[in-house]
Amino acid sequence: MQYLLMIYAAESAEPAPGSDEFMKLIQDYGVFTEEVKNAGVFVGGEPLEPIATATTVRVRDNEPLITDGPFAETKEVLGGYYLLDCDNLDQALEYAAKIPSAKYGSIEVRPIMQLPG
């Protein structure tokens, strides 16, 4: 079953880009990505640009409303994701706990809905 592991953290809580701590975080992500690839569970995953680059689209009265900024004002923001094909939820949760940003924020794990057909 596929699971989406969404990485949430306050941008201010993570190491500053360019710092030694940030470079270590990037290396840790490389190690984790290789682990899930070698385990054969990696389907996809990418980091996202900072929240300041977000644009939100809503449709009201059949008209699109475009707003600069995120969907919701929150302290923790979606910073990236992994899509993994795991045997079960327990395995997905084990991998979620290994994602480096779990130290700074949280990882939301959601199963991908299986649609008929």
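The values are calculated or read from the model by the stated rules, or taken from the named source; none is laboratory data. The model shown is predicted, which means the values in this text are computed figures rather than measured ones. Heads up, the Cβs are rebuilt from the backbone with ideal geometry, glycines too, and the neighbour counts pull from every protein chain shown. When the accessible area is computed, the model is the full protein with side chains, heavy atoms only, and any ligands, DNA or RNA have been set aside. Shrake-Rupley method; radii C 1.70, N 1.55, O 1.52, S 1.80 Å.
Restricted to region 88-107, and to residues there that are under 16 Å from PRO47 (Cα atoms) and not in a helix (DSSP H, G or I), the residue that is most open to solvent (accessible area, probe 1.4 Å) is TYR104. A count restricted to region 62-87 and to residues that are outside any strand (DSSP E or B) and exposed (fewer than 11 other Cβ atoms within 10 Å of the Cβ) stands at 4.
Residues in region 19-43 that are among the small types (Gly, Ala, Ser) and under 14 Å from ALA92 (Cα atoms): 2 in all.
Residues in region 30-55 that are among the hydroxyl-bearing types (Ser, Thr, Tyr), assigned to a helix (DSSP H, G or I) and in contact with a strand residue (DSSP E or B) (Cβ under 8 Å, 6 or more places away or on another chain): THR33 alone. Only one of the listed residues (VAL43, VAL31, VAL59) is under 14 Å from the mean Cα position of the chain (by Cα), open to solvent by 40 Å² or more (accessible area, probe 1.4 Å) and of a type in the set (A, V, I, L, M). That residue is VAL43.
Within region 1-20, take every residue that is among the charged types (D, E, K, R) and not in a helix (DSSP H, G or I) and give me the one that is modelled with the lowest pLDDT. Result: GLU11.
Annotation note: Cβ proximity below 7 Å between a residue of region 55-77 that is touching a residue at least 24 places away in the same chain (Cβ under 8 Å) and a residue that is surrounded by 10 or more Cβ atoms within 10 Å (Cβ to Cβ) and in a loop (DSSP other than H, G, I, E, B) (sequence gap 6+ or interchain) occurs for LYS75/ALA10; GLU76/ALA10; GLU76/GLY105; VAL77/GLU11; VAL77/PRO70.
Of all residues in region 104-115, those that are under 23 Å from PHE22 (Cβ atoms) have Cβ atoms under 6 Å from Cβ atoms of residues that are among the hydroxyl-bearing types (Ser, Thr, Tyr) and outside any loop (DSSP other than H, G, I, E, B), 6 or more apart or on another chain, in GLY105/TYR8; SER106/TYR8. The single condition from (1) assigned to a strand (DSSP E or B); (2) open to solvent by 60 Å² or more (accessible area, probe 1.4 Å); (3) farther than 19 Å from ALA9 by Cα that GLY117 fails is (1). For region 46-56, a residue qualifies if it is at pLDDT 90 or above and either open to solvent by less than 60 Å² (accessible area, probe 1.4 Å) or over 24 Å from TYR104 (Cβ atoms) (or both), and the qualifying residues are ALA54, THR55, THR56.
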